[in-house]
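Trainee: What follows is a single structure, and I will ask about it in a moment.
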Amino acid sequence: MEGYNFAYLDEQTKRMIRRAILKAVAVPGHQVPFGSREMPLPYGWGTGGIQVTASILGADDTLKVIDQGADDTTNAVSIRRFFARTAGVRTTTRTAEATVIQTRHRVPETPLREDQIIVYQVPQPEPLSRLEPSRVQTKIMHALGEYGLMHVKLYEDVARYGQVSISYDYPVMVNGRHLMAPSPIPAFDNPKLDRMPALQLFGAGREKRIYAVPPFTSVRSLDFDDHPFRAIRAPHACGLCGATDCYLDEVVVDDRGKRLFVCSDTDHCATRREAGHSGADSLPEAAE
Amino acid sequence: MIAPGALLSARGLALSFGRIVALRDAAMDIWPGEVLAIVGESGSGKTTLLNVLSGNVRPDGGTVAYRSGSGAVVDVHAMPAPALRALHRSEWGFVQQDPRRNLRMNVSAGGNVGERLMAQGARHYGNIRDEAARWLETVEIDASRIDDLPRTFSGGMLQRLQIARTLVTRPSLVFMDEPTGGLDVSVQARLLDLIRSLVARLHIAVVLVTHDIAVARLLADRIMVMQNGSVIETGLTDQVLDDPHHPYTQLLVSSVLAA
Ligand SMILES: Nc1ncnc2c1ncn2[C@@H]1O[C@H](COP(=O)(O)OP(=O)(O)O)[C@@H](O)[C@H]1O
Ligand SMILES: [Mg+2]
């Protein structure tokens, strides 16, 4: 597009961000500060993720953008359009066809490969922020690997609710060393981060932090031996594709409050239906 | 550097705050399982000495040596910060006069007691909870209060909770700064009894700072008297209190008798 550099950001900024990414990859789970730029989008719209994506995107890449698992939400559509215009890259909704996937709130159900990169949009990069408000203190805790406080929070949860009550942004240990916020993905997605073949990059625009999980790195959800981490999902099958192993959204489908559980990953659901799978509620729709 | 058999030895400690000399050539030794009281009037340098012994404040001169559980002797002020912090979490404890400085007021009593266990790698919830409940009982807090927040506790209970939180990892050395200060006399007496029986049973060495000679008499095996940043007299508690040599100690002891 006229008047803009490839993928909007100037090359110097991209180099600065790539240096931060390299550092982040070298120390898995460690938050690297970077000089976050103003983007033509408000914070909370994924400015951190967008800057990371802009810095790694090449002309040959194929970009997929999802928000809550869907490619067609306002946020996903506008980011995808932004890069289609400023970088002229191919875009796709197919997880398998993408080389770069920017995401908010989900990890695709289709397993990612070594030749893919996933970029997470992160509102709060500091997993200890709610327990220890001082950045100085949390930095010391990370430097010394002192994470007793996080376990105190888990202890409090089990004491109060009989289980760990964190359902999103469930804290993980990366490479057995750094405590990390996986971004507000459902805890259900946490196991997908463990030893993922794809490179995982995390960008927090407002908080000006980048962190990373290199391919095939250990990512463990914190837990107790006698209260092991469990990836919880609604105990239903997808109404459209019948999947029983995917993360589901509950949607209201008519004005009488009829509810339906459907895959939150729309591409995964569509791919399954194309392959002939169907759920209990898919017939009426097909008949329309 | 460290006296034979001693747990902690300090030599030649000096520290000034501007023109105020808080420590001058202070030395001390503490042996495993003994209670050493540091007494002296307000401003004599007791708290400063405790902070220097525990590595929290760096002296202008002098050394502090500690014999760790592994047998290795470490220079407290030369060791890397992570190692010192690890020591504070495991073999050492620090009991503050104000328990609120040490406790997490928005975390349950059980969580407060369990924290050090978890910081040391305990990952079995049931065991952590059982141990916390046992410790609450040990410090005479009903185990039914395990899920209550400290803010619902009385001053005496808070101090006992702080002691449980500190002793749960069975440290070999605990620093205490006026642990009974600010409490009612009857509450003080009960707390002193508890501290005395616990450290004896668990064989914990205690460096106890107090301005109260009566507290020292009740708890301490040995006493160190400080005046203007110097250690002026050291000895067995009964000896020092019943037969004080230094004129300042005589004054200190007699003022208690007069009180
Ligand atoms: N951080 C500090 N800055 C300046 N002066 C201090 C500081 N800490 C202690 N002092 C001074 O050092 C002296 C010893 O203080 P302290 O160790 O607190 O005595 P004690 O505990 O025996 O009452 C006092 O004169 C005190 O005012
Ligand atoms: Mg003092």
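Values in this text are rule-based calculations from the coordinates and carry no lab data. Given the structure is predicted, the values throughout are model-derived calculations rather than measurements. Ideal geometry is used to build each Cβ from the backbone, glycine not excepted, and the neighbour counts take in all protein chains shown.
Trainee: So what's the gap between the Cα centers of the stretch A:120-162 and the stretch B:1-55, to the nearest angstrom?
Mentor: 35 Å
Trainee: Please compute the Cα-Cα pair-distance distribution of the stretch B:88-141 with 10 Å bins starting at 0, giving whole percents from short to long.
Mentor: Each 10 Å bin holds this share of Cα pairs: 23, 56, 21, 0.
Trainee: So what's the Cα pair-distance distribution over chain A, bin width 5 Å, in %?
Mentor: In whole percents, the pair-distance histogram is 1, 6, 11, 16, 17, 16, 13, 10, 6, 3, 1, 0, 0.
Trainee: Can you compute the modelled spin-label distance between A:ARG195 and A:ARG160, with each label point 7 Å from Cα toward Cβ, in nm?
Mentor: 3.5 nm
Trainee: Still on this structure, please answer the following. In peptide A:219-229, how many Cβ atoms from other protein chains are near each Cβ within 10 Å, on average? Walk me through the intermediate numbers first.
Mentor: Working: counts 0, 0, 0, 1, 2, 9, 6, 7, 4, 0, 0.
Average neighbour count from other chains, rounded to a whole number: 3.
Trainee: Further, regarding this structure: Once you charge only the Cβ atoms, +1 for Lys and Arg and -1 for Asp and Glu, what is the size of the charge dipole of chain A about its Cα centre, to the nearest 20 debye?
Mentor: Numbers: 34 positive and 36 negative charges, 195 e Å.
The calculation lands at about 940 debye.
Trainee: Here's a follow-up. Based on Cα positions only, what radius of gyration and what Dmax would you give for the stretch B:104-170, in angstroms?
Mentor: Calculated on Cα positions, Rg and Dmax stand at 10.6, 31 Å.
Trainee: I'd like the FRET efficiency for A:GLU97 and A:GLN137, computed as 1/(1 + (r/R0)^6) with the beta carbon distance as r and R0 of 56 Å, rounded to 0.05.
Mentor: Taking R0 as 56 Å, the efficiency between A:GLU97 and A:GLN137 is 0.80.
Trainee: On to the next question. Assuming R0 = 51 Å, can you tell me the calculated FRET efficiency for the pair B:ALA189 and A:ASN175, based on Cβ-Cβ distance, to the nearest 0.05? Write down the numbers at each step before the final one.
Mentor: Values: r = 53 Å, r/R0 = 1.03.
Once rounded, the FRET efficiency stands at 0.45.
Trainee: Which Cα, out of B:ALA133, B:PRO80, A:PRO182, lies furthest along the positive dipole direction of the protein assembly as shown (beta carbon charges, K/R +1, D/E -1)?
Mentor: Towards the positive end, the residue furthest out is B:PRO80.
Trainee: Quick check: Cα centre of the stretch B:103-158 to Cα centre of the stretch A:15-64, how many Å?
Mentor: Centre-to-centre (Cα) distance: 43 Å.
Trainee: Output needed for chain B: three equivalent-ellipsoid semi-axes, defined as square roots of 5 times the C-alpha gyration tensor eigenvalues, in descending order, whole Å.
Mentor: 30, 23, 16
Trainee: Report, in deg cm²/dmol and to the nearest 500, the calculated mean residue ellipticity at 222 nm for chain B, where each DSSP H run with n ≥ 4 adds -39500 (n - 2.57) and the sum is divided by the residue count.
Mentor: So the calculated ellipticity at 222 nm is -11500 deg cm²/dmol.
Trainee: Here's another thing I want to ask about it. Using the beta-carbon distance between A:VAL253 and A:TYR43 and R0 = 41 Å, what value does 1/(1 + (r/R0)^6) give for FRET efficiency, to the nearest 0.05? Present the calculation step by step, with values, prior to reporting the outcome.
Mentor: Values: r = 34 Å, r/R0 = 0.82.
According to the calculation, E is roughly 0.75.
Trainee: Extending each Cα 7 Å along its Cβ direction at A:ASP60 and B:TRP31, get the distance between those two points in nm, one decimal.
Mentor: So the label points at A:ASP60 and B:TRP31 sit 7.7 nm apart.
Trainee: Next question. Projected onto the charge dipole of the protein assembly as shown (+1 at Lys/Arg Cβ, -1 at Asp/Glu Cβ, origin at the Cα centre), which of B:THR234, A:LEU149, A:THR93 gives the Cα projection farthest towards the positive end?
Mentor: Highest projection toward the positive end goes to A:THR93.
Trainee: Please state the Cα pair-distance histogram of the stretch B:152-230 with 5 angstrom bins from zero: what percent is in each bin?
Mentor: Binned Cα distances yield the sequence 3, 13, 28, 26, 17, 9, 3, 1, 0.
Trainee: Additional query: Mind giving me the nanometre distance, one decimal, between the label points for A:ARG206 and B:GLN120, set 7 Å out from Cα along Cα→Cβ?
Mentor: Calculated label separation equals 4.1 nm.
Trainee: Would you mind classifying the stretch A:1-126 by shape? Square roots of the alpha carbon gyration tensor eigenvalues, ordered a ≥ b ≥ c; an a/c under 1.5 is rounded, otherwise it is prolate if a/b is larger than b/c and oblate if not. Walk me through the numbers before you get to the answer.
Mentor: Working: a/c = 1.33, a/b = 1.08, b/c = 1.24.
Taking the square roots of the gyration eigenvalues as a ≥ b ≥ c, the stretch A:1-126 is rounded.
Trainee: Compare the Cα positions of A:VAL158, A:ILE79, A:ALA54 along the charge dipole of chain A (+1 at Cβ of Lys, Arg; -1 at Cβ of Asp, Glu; about the Cα centre) and return the one farthest towards the positive end.
Mentor: Checked the options; the winner is A:ALA54.
Trainee: With a Cα-only, solvent-free Debye model of the protein assembly as shown, what are the log10 I(q)/I(0) values at q = 0.07, 0.09, 0.13 Å⁻¹?
Mentor: -0.56, -0.79, -1.19
Trainee: On to the next question. Answer rounded, prolate or oblate for the stretch A:88-194, using the Cα gyration tensor with square roots of eigenvalues a ≥ b ≥ c: rounded when a/c is under 1.5, else prolate when a/b is larger than b/c, else oblate.
Mentor: prolate
Trainee: Want the number for A:HIS236 to A:ALA84: 0.36 nm per residue separation, take away the alpha-carbon distance, what's left?
Mentor: On the way: separation 152, 0.36 × 152 = 54.72 nm, distance 3.69 nm.
Between A:HIS236 and A:ALA84, full extension yields 51.0 nm more.
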